[in-house]
1. Can you pull out the residues in segment 111-125 that are within 24 Å of residue 144 (Cβ to Cβ), in contact with a helix residue (DSSP H, G or I) (Cβ under 6 Å, 6 or more places away or on another chain) and part of a helix (DSSP H, G or I)?
2. Of the residues in segment 84-103, how many are surrounded by fewer than 20 Cβ atoms within 10 Å (Cβ to Cβ) and in contact with a strand residue (DSSP E or B) (Cβ under 7 Å, 6 or more places away or on another chain)?
3. Among what's in segment 16-32 and is over 17 Å from residue 77 (Cα atoms) and modelled with pLDDT of 75 or more, pick the residue that is nearest to the chain's Cα centre (by Cα).
4. In segment 76-110, how many are more than 30 Å from residue 127 (Cα to Cα), in contact with a helix residue (DSSP H, G or I) (Cβ under 8 Å, 6 or more places away or on another chain) and assigned to a helix (DSSP H, G or I)?
5. Identify all residues within segment 146-164 that are under 19 Å from residue 180 (Cα atoms) and in a helix (DSSP H, G or I); write none if there are none.
6. Can you confirm whether segment 180-188 contains a residue that is modelled with pLDDT of 95 or more and either over 13 Å from residue 17 (Cβ atoms) or over 16 Å from the mean Cα position of the chain (by Cα) (or both)?
7. Working carefully through the options 100, 71, find the one that is farther than 14 Å from residue 19 by Cβ and at pLDDT below 90.
8. Evaluate segment 66-73: report whether one residue or more is assigned to a loop (DSSP other than H, G, I, E, B), touching a helix residue (DSSP H, G or I) at 6+ places or on another chain (Cβ under 8 Å), buried (at least 17 other Cβ atoms within 10 Å of the Cβ) and touching a residue at least 60 places away in the same chain (Cβ under 8 Å).
């Protein structure tokens, strides 16, 4: 899947933006809960993260950055220890502040705020989440982070963040409508890679669990 701009892969050297979703947390995390509760990684979450070390080392990342939330930081820190890199906190990669929706399931939110969920699904620019952040503000920081990653020197940038951020980043770099982020299933402890050629992106790997048996 590619972005909207055509490119000649032979004439432009791509930069890889690798997006890693943090591992599972101390409580059972199904991926159905909304929110940014600042929970630590579980032992299983750390084990899964460790499986990415050799895979990511082959990407030769020049930069390792992460969301400021604990689960993302601990994921990045665990990788950084093995890669000999120090993670940089990037606030543009933070989870949305969902306010009173924090810790609820999508079904519960739909039942309590159907109109709000419908506006969210349409990605209306003036729609604001209960925590106060508007859709347009969220997308602005995604675009800002993507621009930094695309311009950073080196063959690869690794960013550890959250599912919604990764979905929005994919849509932006591939030139898709933000509403199409629902097409992408980003599981805990999974790796997504996008090759960026100037202003155009190519999705080369989506939600690869990178299981030990494949290393």
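The values are calculated or read from the model by the stated rules, or taken from the named source; none is laboratory data. All of these numbers come straight from a predicted model, not from anything done at the bench. All Cβ positions, glycine included, derive from the backbone under ideal geometry; neighbour counts span all protein chains shown.
1. none
2. 4
3. 17
4. 4
5. Selection gives 146, 163, 164.
6. So far as segment 180-188 goes, no, none of its residues is modelled with pLDDT of 95 or more and either over 13 Å from residue 17 (Cβ atoms) or over 16 Å from the mean Cα position of the chain (by Cα) (or both).
7. One residue alone meets the criteria, 71.
8. There is at least one residue in segment 66-73 that is assigned to a loop (DSSP other than H, G, I, E, B), touching a helix residue (DSSP H, G or I) at 6+ places or on another chain (Cβ under 8 Å), buried (at least 17 other Cβ atoms within 10 Å of the Cβ) and touching a residue at least 60 places away in the same chain (Cβ under 8 Å).
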